[in-house]
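Asks: Sharing a structure, written as structure tokens. Questions coming.
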Amino acid sequence: MEPNRTRRTPCTARAPRARPTRRALLALTAAAGLLLTACSAGGAADRSDAAEKHGGPPAPAPAPGERNSRSAPPTPGDSHLSTFALDVDTASYTYARRTLADGRVPDPSTVRPEEFVNSFRQDYRRPDGNGFSVTVDGARTTRPDWSLVRVGLATRGADPDGDRPPAALTFVIDVSGSMDEPGRLDLAKRSLDTMTDRLRDDDSVAVVTFSTRARTVLPMTRLGGHRGEVHDAVDGLRALTSTNLGAGVEAGYDTAVEGLREGATNRVVLISDALANTGETRPDAILRRIDSARREHGITLFGVGVGSDYGDALMERLADKGDGHTAYVSDTAEARRVFCVQLPQNIGLTARDAKAQVAFDPETVAEFRLVGYDDRAVADDDFRDDRVDGGEVGPGHTVTALYAVRTRPDADGHLATATVRWLDPATRAPHERSGALETGALRGSVWAASPRFQVTAVAAYFADALRAVGTDHGPALPGAPSLTRLADRAAALAEATEDKDVRALADAIRQADDTGRTGRTDTGESGE
């Protein structure tokens with residue numbers, strides 16, 4: 001029998017707040033001109049069924065063969081389609097909060113609006129089985145003829161005690177010198193100890209570390225009767241010298257392939273500040289190794305970022321290539337969420353290679369633009385090409401896409417149809433489901449909409465403001481409040497929803513406002 005062990009709780013020490021020098025308010029205030037004024041919970045016509053069963057998509061689904069311009073808002077002569085792979089990452093938002101707490105404005109290149117929006121609970125109806133429900137609603141903004149349209153996708157609820165395949169998890173842990181900073185390796189160790197106690201006996205764990213070199217500390221090991229070995233491997237981790245991320249990824253995937261389990265969820269979990277500085281530092285070479293393991297063995301990647309200096313862009317590219325997700329951990333609460341909720345939740349899948357396509361009606365829509373998803377764009381022709389990579393989504397997830405839409409004057413009738421396509425995780429049979437929105441269902445004011453729609457709008461406006469810092473153009477979204485007004489809206493929503501995450505959003509907006517008045521802009525990561 002293995003000895004009794006005390007369950008650990010993730011913890012961290014937050015870096016001391018620096019008093020900024022004078023800088024970004026003008027950019028932030030100008031950047032934060034973003035108010036919306038209208039939303040709708042109506043018009044979500046949820047048509048369904050397997051595409052192969054009906055021989056095509058339901059409702060007025062997107063037409064293949066038309067191109068979508070992503071560099072500028074479409075005009076009536078352009079494609080009326082918008083196509084993207086689903087993404088449930090949240091690292092960008094959590095890292096922005098950490099940066100603001102340290103008294104800095106995030107570098108705009110690290111701000112991905114879809115990850116801000118997807119960091120919050122939503123009010124979408126959930127399906128009973130695998131796949132998605134589709135909700136489409138919208139609201140008119142203060143800018144004439146402009147609305148915000150929300151496309152919401154939800155999977156079935158996560159059941160911690162429900163059936164799921166066993167997991168074979170290879171933890172690839174950065175033990176370079178930079179990981180010795182409080183809130184990096186110490187937090188990762190405590191988190192892994194806690195998560196090890198919560199995994200099932202039929203799950204397996206391997207541990208690989210990397211600094212100047214990489215080594216396998218623990219080969220793939222079933223947890224039943226062996227949890228003590230995993231705890232010992234984790235407890236023995238010590239920070240060393242350089243960051244040979246390429247060697248770590250190579251050794252991690254080699255270990256995952258050696259310990260591959262048929263019928264299990266085989267995943268590499270990379271925990272690092274992603275500041276590669278020795279060995280193979282070229283992202284493309286590292287990405288090729290990840291891509292080959294994904295294609296040949298179905299091994300996916302879950303990237304967990306740590307540290308005040310963090311290679312956000314590199315971690316994002318690694319996870320995208322590995323059909324996975326990214327999260328960022330800066331404190332105890334985030335560590336619990338990532339290692340004890342998100343990671344176990346992602347062991348089971350409800351959809352593979354999921355893509356969404358939104359068809360805007362050219363009779364009613366003059367132009368539109370998708371907020372975020374810049375690196376998840378898919379060619380419109382490839383929506384139904386199941387060889388083209390999409391996103392992997394597990395139970396308990398919601399995916400939100402927000403569009404700025406300009407309707408034609410006095411437009412009336414069908415506005416848009418959103419269709420999601422995915423492969424069944426077991427049979428890989430394709431399925432589709434759609435929802436539609438009419439112009440008459442647009443709410444007249446965002447702030448009269450459902451509280452969750454308002455939270456979506458606030459998060460998107462906040463990201464839009466941060467992205468505009470240091471640029472010579474304003475925010476992309478139509479209509480815009482100051483950051484002060486936006487923080488007030490978030491605070492009111494936090495009370496209405498009794499949601500601590502929305503309260504943290506309000507605090508982050510106020511920190512951005514304060515930092516903008518007297519602060520400095522983050523210079524971005526230094527690791528790629």
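Asks: Using Stokes-Einstein with the Kirkwood hydrodynamic radius over Cα pairs, what translational diffusion coefficient do you get for the stretch 395-510 at 25 °C and a viscosity of 0.890 mPa s, in µm²/s rounded to a whole number?
Replies: Values: Rh = 16.9 Å.
The diffusion coefficient I find is 145 µm²/s.
Asks: What percentages make up the Cα-Cα pair-distance distribution of the stretch 298-429 when the bins are 10 Å wide from 0?
Replies: 10, 33, 32, 18, 7, 0
Asks: What list of ³J(HN,Hα) couplings, whole Hz, do you get for the stretch 451-465 from phi and the Karplus terms 6.51, -1.76, 1.60, once you set θ to phi - 60° and write x for glycine and proline?
Replies: x, 6, 5, 5, 4, 4, 5, 4, 4, 5, 5, 5, 4, 4, 5
Asks: Using modelled backbone amide H atoms (1.01 Å from N, in-plane), which distant-in-sequence or interchain residues come within less than 5 Å of residue 105's amide H?
Replies: 520, 521, 522
Asks: Would you work out what percent of the accessible area of the stretch 335-442, with all protein chains in place, is carbon or sulfur (probe 1.4 Å)? Could the numbers behind the result be given before it?
Replies: Working: 1520 of 3370 Å².
So the carbon and sulfur contribution to the accessible surface is 45 percent.
Asks: Output needed for the stretch 240-320: three equivalent-ellipsoid semi-axes, defined as square roots of 5 times the C-alpha gyration tensor eigenvalues, in descending order, whole Å.
Replies: Each semi-axis is √(5λ); the values are 22, 13, 12 Å.
Asks: Which aspartates and glutamates have a Cα lying under 13 Å from the Cα of residue 500, excluding residues fewer than 8 positions away in the same chain?
Replies: Within the straight-line cut-off, residue 500 pairs with 334.
Asks: Using all alpha carbons of the stretch 230-365, what is the percent of pairwise distances in each 5 Å bin, ordered from the shortest bin to the longest?
Replies: Binned Cα distances yield the sequence 2, 9, 16, 21, 20, 15, 8, 4, 3, 2, 1, 1, 0.
Asks: How large is ³J(HN,Hα) for each residue in the stretch 127-141, as worked out from phi by the Karplus curve 6.51 cos²θ - 1.76 cosθ + 1.60 (θ = phi - 60°), to whole Hz, x for Gly and Pro?
Replies: x, 7, x, 5, x, 9, 9, 10, 10, 10, 9, x, 7, 7, 9
Asks: On the accessible surface of the stretch 180-313, probed at 1.4 Å, how many percent belong to carbon and sulfur atoms?
Replies: 43
Asks: Using only Cα atoms, what Kirkwood radius does the stretch 140-269 have, in angstroms?
Replies: For the stretch 140-269, inverting the mean 1/r across all distinct Cα pairs yields 16.7 Å.
Asks: Could you order the peptides 234-240, 307-313, 452-458, 85-91 from most to least packed, using the average number of other C-beta atoms within 10 Å per residue?
Replies: On the way: 234-240: 15.9, 307-313: 22.4, 452-458: 26.6, 85-91: 24.3.
Highest mean packing first, the order is 452-458, 85-91, 307-313, 234-240.
Asks: Taking loop as defined by DSSP and a crowding limit of 13 other beta carbons within 10 Å, which GluC sites (Glu not before Pro) in the stretch 210-268 fit?
Replies: Passing both the DSSP loop test and the Cβ count: 262.
Asks: If eta is 1.306 mPa s and T is 10 °C, what Stokes-Einstein diffusion coefficient results for the stretch 406-474, Kirkwood Rh from Cα pairs, in µm²/s?
Replies: So the translational diffusion coefficient is about 100 µm²/s.
Asks: Follow-up. Work through the residues other than residue 388 whose Cβ is under 10 Å from its Cβ and net out their charges, Lys, Arg +1 and Asp, Glu -1.
Replies: Numbers: positive: 355, 384, 387; negative: 353, 381, 382, 385, 386, 389.
Within the 10 Å Cβ shell, the charges total -3.
Asks: Now a separate question. Using only the Cα atoms of the stretch 171-235, what are the Rg and Dmax in Å?
Replies: Rg then Dmax for the stretch 171-235, in Å: 12.0, 34.
The values are calculated or read from the model by the stated rules, or taken from the named source; none is laboratory data. Because the structure is predicted, anything quoted here is derived from the model rather than measured. Methodologically, a virtual Cβ is constructed for each residue, glycine included, from the backbone with ideal geometry; neighbour enumeration extends over all protein chains shown. Note: accessible area is taken over every heavy atom of the protein model, side chains too, but ligands, DNA and RNA are not part of it. Shrake-Rupley method; radii C 1.70, N 1.55, O 1.52, S 1.80 Å.
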